[in-house]
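The values are calculated or read from the model by the stated rules, or taken from the named source; none is laboratory data. Bear in mind that the values here come from a model prediction, so they are computed numbers and not experimental data. Neighbour counts run over all protein chains shown; Cβ positions are idealised from the backbone, glycine included. Remember, those area values only see protein heavy atoms, side chains included, never the ligands or the DNA or RNA. Shrake-Rupley method; radii C 1.70, N 1.55, O 1.52, S 1.80 Å.
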Amino acid sequence: MEHLEAIQNRHSVRQYADKPIEEKTLSALRTEIAACNREGNLHIQLVTDEPRAFEGFMAHYGKFSGVTNYLALVGRNTKDLDEKCGYYGERIVLLAQQLGLNTCWVALTYSKIPGAFKVGSGEKLAVVIALGYGKTQGVKHKSKPAKKVSNINADSPKWFKSGVKAALLAPTAMNQQKFYLTCSDGKVSAKPGIGFHTKMDLGIVKYHFELGAGKENFLWA
């Protein structure tokens, strides 16, 4: 499965089957996590066979069930942490989709379990991502028109149109899609709106945009 196909097929899944993840799949995930940690200076960790984080009231309120595996997105508590976690977290999410797994970004409806993962001095847990074999493949979310999230027009380059299309398929908190992409002279600026987790959403959006547009076609402003 190519990246763009993974973008199309990935939807948030909250109910998971009681099926362990194969070791070769876990190995591929750990390799990608290590690469993301190196490149992003992060401390993302894969937690497996740990059901307690999604057994509490908030998880049931969020309609989660069967979650025993998740990613803990941890990093230095800097102003760009949320955006980096969004960017590299989605990179892992799309690999998980390619490996036959399902995922869901989870901001609040989970419990922090002591010892399940490490948060070092000066670090912060930004978010977790549930993953495993979903009981369903999820449901496609509604998207805003491209002109609501970008300065796209009939004369926009093909790569920009493709990038915006991919960005609109990015998961965002509460499906708010509060971002704006501006193309000018081969450069693209990406700005977050005001709302819940919009900086993390921006990182996810930027990764999707790069896959759709092709990194070789533009520079970030």
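Quick look at the numbers
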quantity: For residue 155, net neighbour charge (Lys/Arg +1, Asp/Glu -1) across residues whose Cβ lies under 15 Å away; calculated: +2
quantity: Contact order relative to length of the range 91-174, as percent, for alpha carbon pairs under 8 angstrom and 6 or more apart; calculated: 26 percent
quantity: Counting all C-alpha pairs of the range 1-112, share separated by more than 19 Å (%); calculated: 47 percent
quantity: Residue 66 long-range amide H proximity, modeled H, under 5 Å; calculated: 16
quantity: For the chain: Kirkwood Rh in Å [reciprocal of mean 1/r, alpha carbons]; calculated: 17.8 Å
quantity: Eligible lysines near residue 165 by straight Cα distance, threshold 20 Å, same-chain separation 8 or greater; calculated: 140, 142, 144, 147, 148, 178, 187, 191, 199, 206, 215
quantity: Linear extension gain, residue 219 paired with residue 124, 0.36 nm per residue minus alpha-carbon span; calculated: 31.2 nm
quantity: Accessible surface of residue 198 - all protein chains present, 1.4 Å probe, nearest 10 Å²; calculated: 10 Å²
quantity: Long-range tail of P(r) for the range 100-140 (Cα pairs > 13 Å, %); calculated: 64 percent
quantity: Accessible area in square angstrom per residue, the range 172-220, 1.4 angstrom probe; calculated: 48 Å²
quantity: Solvent exposure ordering (accessible area, 1.4 Å, most first) of 174, 200; calculated: 174, 200
quantity: For the range 131-221: Kirkwood Rh in Å [reciprocal of mean 1/r, alpha carbons]; calculated: 13.6 Å
quantity: Solvent exposure, largest accessible area first (probe 1.4 Å, DNA, RNA and ligands not counted), of 204, 194; calculated: 194, 204
quantity: Cα-centred dipole magnitude for the chain, charges only on beta-carbon of K, R (+1) and D, E (-1), debye, nearest 20; calculated: 660 debye
quantity: Carbon plus sulfur fraction of accessible area for the chain, probe 1.4 Å, in percent; calculated: 52 percent
quantity: Most positive-pole-ward Cα, 6, 171, 136, against dipole of the chain from beta carbon charges; calculated: 171
quantity: Mean separation of Cα contacts under 8 Å, 6 or more apart, over the residue count of the chain: relative contact order %; calculated: 25 percent
quantity: Nearest-0.05 FRET efficiency for residue 25 and residue 185, computed from C-beta distance (R0 45 Å); calculated: 0.55
quantity: Those residues of the range 92-122 whose amide nitrogen sits under 15 Å from the label point placed on residue 47, 7 Å along Cα→Cβ; calculated: 104-120
quantity: Nitroxide proxy distance, nm - points 7 Å out along Cα→Cβ at residue 174 and residue 2; calculated: 3.6 nm
